[in-house]
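All remarks here apply to the structure that follows.
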Amino acid sequence: MSNETASAARTLTLRILRHNPQDPASEPRWARYELEEYEGMTLFIALNEIRERFEPSLQFDFVCRAGICGSCGMVVNGRPGLACRTLTSTLPSEITLAPLPAFKLIGDLSVDTGQWMRGMSERLETWIHEQAETDLHALEERMEPELAEQIYELDRCIECGCCIAACGTARMREDFVGAVGLNKLARFRLDPHNARTDADLYELIGDDDGVFGCMTLLGCHDVCPKELPLQTQIAFLRRKMVTVS
Amino acid sequence: MKIVYTDVLVIGGGLAGLRTAVGVKQRGFDTIVLSLVPAKRSHSAAAQGGMQASLGNSAMGSGDNEDVHFEDTVKGSDWGADQRVARMFTHVAPKAIRELAGWGVPWNRVKQGEREAVINAERVVITESAAAHGLITARDFGGTKKWRTCYTSDGTGHAMLFALGDQTVANAIPVMERMEAVALIHEGGRCYGAVVRSLVSGELTAFLARATTVATGGYGRIYRVSTNAVICEGTGTAIALETGVAELGNMEAVQFHPTAIVPAGILTTEGCRGDGGILRDVDGHRFMPDYEPEKRELASRDVVSRRMTEHMRKGRGVKSPYGDHLWLDISVLGKEHVHKNLREVTDICRYFLGIDPANDWIPVRPTQHYSMGGIRTDHRGESTTLKGLFACGEAACWDMHGFNRLGGNSVAETVVAGMIVSEFIADYCADSASDINVSTGLVREFVERERAQLDALVAGRGSESATAIRQRMEEIMIDQVGIFRTGNELDRAVTELEDLLRRSRNLAVRYPNPGANPELVAAYRLPKMLKLALCAALGARQRTESRGAHFREDFPQRNDRDWLNRSITTWPAPEASLPKLDYEAIAVTDMELPPGFRGYGTRNHIDHPDSPARHAEIEKILQAVDADDRHARQRALMPFDHLLPEKYRPRNQRLETSA
Amino acid sequence: MKKSLLPARLDLAQSITGLVLAVFMAFHLIFDSSILLGAGAFAFVSGALECELFFGEKIPLITTAVVIVIFAIFIAHAGLAMRKFPQNAAQYRTMRSHMKEMRHGDTSLWWLQIWTGFAMFFLASVHLYIMMTQPQTIGPAGSAYRIVFEWKWPLYLVLTIAVVLHAAVGLYRLALKWGWFEGQNPNRRRKTLKKAVWIVTVVYLTMSLAALGAFIHIGLTGQDHFGNAVEGIAR
């Protein structure tokens, strides 16, 4: 709790992989910064302090700073995760930060997940393909309460990109659709408004860039900040896709 | 000079902006959305608890309809709202919910049979009807007569934003990310688009459009502690102000949310209290019933926030290194409910506080949360003074919230306003009056002016630190333009903010890169934020009454006689250091619901002289109308149907046909 | 254009061939390990598998036939699995650094599978070819001779370790890949499965390596570890 006495303050060493691709002279390099840790310090606070005190040009992305928006995915000590909600007290005193791989680097810790996700969304058409247009004035279509909860469970994805960065397949093959896209298809498949059949889905993910490319390394499942059941959803889709004929 | 043409330029990729873009696109117009961040990362995603719409499906919402929602909204606004707009809003909200359900938002549903709930810290059994099974359910929120807040667990904004983000892709609407509008291009009272800076390359582009829509959300970040995302710096509102033409409304109306965690300032949803959570003080005493015997924790946000602050001032707060706080106790709801229906809250507590809210109390205190003020528009969403400029969502003062917004009405406003305003924008674009014949000379002038300002900053001749000035501004705002305000403090605030604004014209940037440069961005945004801060502070200084979220300790009464109006600020000239303040009267004579007691808070106001007459008139009008036909009664008092786009006029079907 | 169903078939085939090979190996190693019960036990088992009880004598052609089938499945599995290997130096480097940074169990296990698979491609081929062409030599004496005097023990040592690891991890991955045994709590179930993998690995490795030791013992001493003489080992 906030009024507990803090343990002895540590000095944190942050090693940050810096590179500005906009600048032709820039080469990737590790930069080191030292900070006094204090209670409740998150990587959001630490990075802002570094920018404030030492390095005004340091680029990183935070928006909600509450673990909700998915902007601040980065590689923290080798593992992709959300920086804003990572308390420095959960890390050793030497912390390495690198941008998420597999995405286009904008600069330092900032990567372009937005365009990647848009491309994925266009490719998989990750939206409801409605059977009929909704009558806005009439009672809504009924849905079983448990089904709504089940859909929300998968709908919680924040497109932070951690699953892509943690995926061996996605790292090796850039056309691989990744867990984020597969989870979305599983989510829309559950939705009773959805008009797409499994055969339609096969056209999108029935190959080695799709669900069959997944080698079940489960990096995605294990780093997902929202703890989405990616393992079971991908397995489910795989079963559905091999039975399409 | 790069120029991009489109029909509708939408600045802001949150719920309001995306719904507007989808609306105009479906009407056949070209549109481009500009967003500081990937659209799905917008602050709309942080709305947790839900969206108000009077579906009346659940047992506790039974008997709900537009009339009840309207009354709650107007009372919540402390009669500051435009009642016609509030009517349009409450009428379209159920349609918005249903549209979103069709787009895949997995609204929680009614489950027939008995279920346990916590009301007023007691376990009660609610029986849901079989007829309602599978329809969209609702939870309780502050300041509402019925359980009206539709939700998807506590990730409502997220689910809505992702559904709309998906629709944006489905409609092939381009969203240009990391693009910031830094100035509006306008001439002769007509807006032609915006000068836009790429946050990646620093390049300036002119976007020209028939209609320009600002949907950039609130300006919470002018306060030191805010629940708002770090991008909520109000720059969209500020560039409208900087035209010198567009008006801002009610900038002093700033809402504080009762329950943000300490010290991070991250929101825990009102759903915590709606679902039965209670507030406790240093002794573990539940204090809200002492102040608000009827609504208790579920009075409107302005009232709860004030009561909490009042209680802490009495020394009943919990001391902490980060200042006093109180406790929010949701452990009374039981582990299953907390972990399932308040999952986001559970996550936030786990990651930022290291506690499990199913067992532990959450340290909370009131924190800046919402900007009722914004670009003043008519009911169509168009600026009252700058043609071709539209605004919707939190960035606008449309004005359905008046001086206090009800929980659950903000996400509702975003999509409802997007639905309505996009129709009017489309109508406008279809009219030849919206044709743009602007000279490239004018465009060049606007682009060059921005470029010159940026170059001057990068040249590094200034001496002031943007960070220091900004921190001071944030402190002034939270300390002197916060929950409790007094004339003296506001005087000092205005004077000092003025000084800060002058100093902000001489900023130093250490890192001379015109491209991606966080320091440069902070520097050019600062004067914009200071102008908004001045609008809020001056508005608060001049308003010598207390209304909704604006509370003057030296003028604790709501004064309808002198202050039943909207504060209107404009920026007279670029070199000015103070906004120009005017007032727009709110007429009692045609109100459907004339001013009275809200039903919570202090019963203490000065009547408007027209109020008794209007009350009598209403009584007379209603005598002549069938007492059972609520639609006819409403129409007789204050017709609004004709203000709505035709497609949204039909009535909303409900389970109970009498509703 | 409709998408080909081939990727689905190939993916399924990779899993099925893997499963068949793993199940085959589970029995194979148990049969081999009958040597731990003595030379007689092994002679009995190898005889029984070649239907000695039925025909009154061993029919080595049965072994040849089985090996041909297994060899075919083995080559198919290798071919299918190789599609997932890093295809070039860049992919290889990416995967390696990814694995090193992530320090993620299941990702590292896959790397282990690649290397054990790669090793088996050579080692198992040699083994299978010999079994296919010289089935009549299988027996306590013949096998011990091969292991000791034809210098097959290093091959079998590496092959045994590779095959046990590869098959155990492969079965685990197969279960996750297709969502078998997910149960009510798939996360907890996965931990259980992983534990099972390690138990199976340890049990099989212990048993198989002990069996290899027993053969070496026979080769060097001419008797099994119970002291029963094994005839027919001539240098």
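Quick one: in the stretch B:63-93, of everything that is of a type outside the set (D, E, K, R) and out of contact with any helix residue (DSSP H, G or I) (no Cβ under 8 Å at 6 or more places or on another chain), which residue is farthest from the other protein chains (Cβ to nearest Cβ)? Ranking the candidates gives B:Gly80 first.
Applying the criterion of being open to solvent by 50 Å² or more (accessible area, probe 1.4 Å) and not in a loop (DSSP other than H, G, I, E, B) to the residues of the stretch B:632-659, the residue that is farthest from the other protein chains (Cβ to nearest Cβ) is B:Arg633.
Here C:Ser15, C:Ser33, C:Ser46 are screened, and the one residue that is modelled with pLDDT of 95 or more and farther than 30 Å from A:Val211 by Cα is C:Ser33.
I'm checking my understanding of the structure. Among residues of the stretch B:14-62 that are outside any helix (DSSP H, G or I) and β-branched (Val, Ile, Thr), which one is farthest from the other protein chains (Cβ to nearest Cβ)? Give the steps one after another, and end with the answer.
Going residue by residue through the stretch B:14-62, those that are outside any helix (DSSP H, G or I) are B:14, B:27-38, B:42, B:47-58, B:62.
When the remaining residues are screened for being β-branched (Val, Ile, Thr), the result is B:31-33, B:37.
On the way: B:Thr31: 16, B:Ile32: 14, B:Val33: 12, B:Val37: 5 Å.
For the stretch B:14-62, the residue satisfying everything is B:Thr31.
Among residues of the stretch B:57-76 that are farther than 15 Å from B:Gly599 by Cα and touching a residue at least 60 places away in the same chain (Cβ under 8 Å), those with a beta-carbon under 8 Å from a residue that is assigned to a helix (DSSP H, G or I) and open to solvent by 30 Å² or more (accessible area, probe 1.4 Å) at least six positions away or on a different chain give the pairs B:Asn65/B:Arg630; B:Asp67/B:Arg630.
Strands (runs of 3 or more DSSP E) fully within the stretch B:159-245 that include at least 3 residues being more than 18 Å from B:Lys387 (Cα to Cα) and either within 11 Å of another protein chain (Cβ to nearest Cβ) or in contact with a Leu (Cβ under 9 Å, 6 or more places away or on another chain) (or both): B:175-177, B:179-187, B:190-198. For A:Ser93, the stated conditions do not hold, so it cannot be described as in contact (Cβ under 8 Å) with a residue 24 or more places away in the chain and either at the interface with chain B (Cβ under 10 Å from one of its Cβ atoms) or under 23 Å from the mean Cα position of the chain (by Cα) (or both). Out of A:Arg238, A:Arg189, A:Arg173, one residue alone is out of contact with any Asp or Glu (no Cβ under 6 Å at 6 or more places or on another chain), facing chain C (nearest Cβ under 9 Å) and surrounded by fewer than 23 Cβ atoms within 10 Å (Cβ to Cβ). It is A:Arg173.
Is at least one residue of the stretch A:178-189 part of a loop (DSSP other than H, G, I, E, B) and closer than 18 Å to A:Phe212 by Cα?
As a first pass, look at the stretch A:178-189 and keep what is part of a loop (DSSP other than H, G, I, E, B): none.
The answer is no, given that none of the residues of the stretch A:178-189 is part of a loop (DSSP other than H, G, I, E, B) and closer than 18 Å to A:Phe212 by Cα.
Among residues of the stretch B:111-139 that are within 22 Å of B:Thr156 (Cα to Cα) and in a strand (DSSP E or B), those with a Cβ under 7 angstrom from a residue that is hydroxyl-bearing (Ser, Thr, Tyr) and open to solvent by 10 Å² or more (accessible area, probe 1.4 Å), sequence gap 6+ or separate chain, pair up as B:Arg139/B:Tyr151. Cβ separations smaller than 6 Å between residues 6+ apart or across chains give the following pairs from the stretch B:604-625 residues that are closer than 16 Å to B:Val588 by Cβ to residues that are part of a strand (DSSP E or B): B:His605/B:Arg558; B:Ile606/B:Asn559.
Taken over the stretch C:126-136, residues that are buried (at least 16 other Cβ atoms within 10 Å of the Cβ) and out of contact with any Phe, Trp or Tyr (no Cβ under 8 Å at 6 or more places or on another chain) amount to 3.
C:Ala78 fails exactly one of the following numbered conditions: (1) surrounded by 16 or more Cβ atoms within 10 Å (Cβ to Cβ); (2) out of contact with any Phe, Trp or Tyr (no Cβ under 9 Å at 6 or more places or on another chain); (3) not basic (Lys, Arg). What is the number of that condition? C:Ala78 satisfies every listed condition except (2).
Taken over the stretch B:1-21, the criterion of being buried (at least 24 other Cβ atoms within 10 Å of the Cβ) and among the aliphatic types (A, V, I, L, M) is satisfied by B:Val8, B:Leu9, B:Val10, B:Ile11, B:Leu15, B:Ala16, B:Leu18, B:Ala21. Give me the residue from the stretch B:239-275 that is at pLDDT 95 or above and open to solvent by 10 Å² or more (accessible area, probe 1.4 Å) and, out of that set, farthest from B:Val10 (Cα to Cα). Checked the stretch B:239-275; the qualifying residue farthest from B:Val10 (Cα to Cα) is B:Phe256. Checking the stated criteria, B:Thr268 turns out to be closer than 18 Å to A:Ala66 by Cβ and under 24 Å from the mean Cα position of the chain (by Cα).
In the set A:Gly107, A:Gly168, only one residue is touching a Ser or Thr at 6+ places or on another chain (Cβ under 7 Å), open to solvent by less than 10 Å² (accessible area, probe 1.4 Å), facing another protein chain (nearest Cβ under 7 Å) and in contact (Cβ under 8 Å) with a residue 40 or more places away in the chain; that residue is A:Gly168. Of all positions in the stretch B:309-328, none carries a residue that is under 18 Å from B:Val118 (Cβ atoms) and out of contact with any strand residue (DSSP E or B) (no Cβ under 8 Å at 6 or more places or on another chain).
Residues that are more than 7 Å from every other protein chain (Cβ to nearest Cβ), open to solvent by 10 Å² or more (accessible area, probe 1.4 Å), more than 23 Å from C:Gln113 (Cβ to Cβ) and not in a loop (DSSP other than H, G, I, E, B) within the stretch A:202-232 comprise just one, A:Leu204. Could you say which residue among B:Asn437, B:Asn359 is more than 25 Å from B:His158 (Cα to Cα), within 14 Å of chain A (Cβ to nearest Cβ) and either within 28 Å of the chain's Cα centre (by Cα) or outside any helix (DSSP H, G or I) (or both)? After ruling out the rest, the residue left standing is B:Asn359. Residue count for the stretch A:151-165, restricted to those that are out of contact with any Phe, Trp or Tyr (no Cβ under 8 Å at 6 or more places or on another chain), more than 8 Å from every other protein chain (Cβ to nearest Cβ) and assigned to a helix (DSSP H, G or I): 4.
Kindly indicate the residue of the stretch B:475-523 that is within 14 Å of another protein chain (Cβ to nearest Cβ) and assigned to a helix (DSSP H, G or I) and also most open to solvent (accessible area, probe 1.4 Å) among those meeting that condition.
Of the stretch B:475-523, the ones within 14 Å of another protein chain (Cβ to nearest Cβ) are B:507-523.
Now narrow it down to the ones that are assigned to a helix (DSSP H, G or I): B:518-523.
Values: B:Pro518: 26, B:Glu519: 30, B:Leu520: 2, B:Val521: 19, B:Ala522: 46, B:Ala523: 2 Å².
So, considering only residues that are within 14 Å of another protein chain (Cβ to nearest Cβ) and assigned to a helix (DSSP H, G or I), the one most open to solvent (accessible area, probe 1.4 Å) is B:Ala522.
Considering each residue of the stretch B:555-568 in turn, none proves to be within 29 Å of B:Val245 (Cα to Cα) and at pLDDT below 95.
Can you find a residue in the stretch A:113-128 that is part of a strand (DSSP E or B), at pLDDT 95 or above and under 30 Å from B:Gly515 (Cβ atoms)? Within the stretch A:113-128, not a single residue is part of a strand (DSSP E or B), at pLDDT 95 or above and under 30 Å from B:Gly515 (Cβ atoms). Just one residue in the set B:Glu294, B:Glu336, B:Glu382 is over 25 Å from the mean Cα position of the chain (by Cα) and more than 14 Å from chain A (Cβ to nearest Cβ); that residue is B:Glu294. When A:Gly73 is tested against (1) surrounded by fewer than 24 Cβ atoms within 10 Å (Cβ to Cβ); (2) closer than 15 Å to B:Arg41 by Cα, only condition (1) is not met.
Please give the helices (runs of 4 or more DSSP H) falling wholly within the stretch C:80-170 in which 2 or more residues are free of Cβ contacts under 8 Å to residues at least 12 places away in the same chain.
Values: elements: C:89-102, C:105-133, C:140-149.
Result: C:89-102, C:105-133.
The values are calculated or read from the model by the stated rules, or taken from the named source; none is laboratory data. Just so it is clear, the model here is predicted, and its values are computed rather than measured. Because the Cβ atoms are built from the backbone with ideal geometry, glycine has one as well, and the counts that use them run over all protein chains shown. Side chains are part of the model used for accessible areas, which takes the heavy atoms of the whole protein and leaves out ligands, DNA and RNA. Shrake-Rupley method; radii C 1.70, N 1.55, O 1.52, S 1.80 Å.
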